[in-house]
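Input: a single structure, listed below in structure tokens.
Only the coordinates and a few stated rules stand behind these numbers; no lab work does. No experiment lies behind these values; they were computed from the predicted model shown. Reconstructed Cβ throughout: ideal geometry from the backbone, glycine too, with neighbour counts over all protein chains shown.
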Amino acid sequence: MPLATSQLEEKILEILTESSKIEVNTDSNTNNATQSKNEREKTAQKLATAIEEFVKSGTVTTTVTTTGSAAAQTGTGTGYIM
């Protein structure tokens, strides 16, 4: 199964749109740079989660080969990325 690229793109656009609506409260006692840094970190975390979900959406095909005995077997398998 191919990776869900269109779903990743959709999620990134959603996160960036949400991020562009963030306002830093200049009347707050909290330092503006700190507020901005915190929001960038939240956005980065959301993007990292979206990318992790994207990678895990794929499957891999494996080849299994054993050696060393008359009963050695070969085969294939399919698994999920964890």
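Things worth noting here:
- The length gained on full extension between residue 69 and residue 19, counted as 0.36 nm times the residue separation minus their Cα-Cα distance, comes to 12.1 nm.
- Listed by chain and number, the aspartates and glutamates placed with their C-alpha closer than 14 angstrom to that of residue 46 are 9, 10, 14, 18; residues fewer than eight positions away on the same chain are left out.
- Residue-span extension gain [residue 41 to residue 3] - 0.36 nm each, minus C-alpha spacing: 11.1 nm
- Cα-based helix-to-principal-axis angle, 5-20 vs the chain, degrees rounded to 10: 20
- Helix 32-56 and the longest principal axis of the Cα set of the chain meet at an angle near 20°.
- For the range 5-80, size of Cβ-based charge dipole, Lys and Arg +1, Asp and Glu -1, in debye: 260
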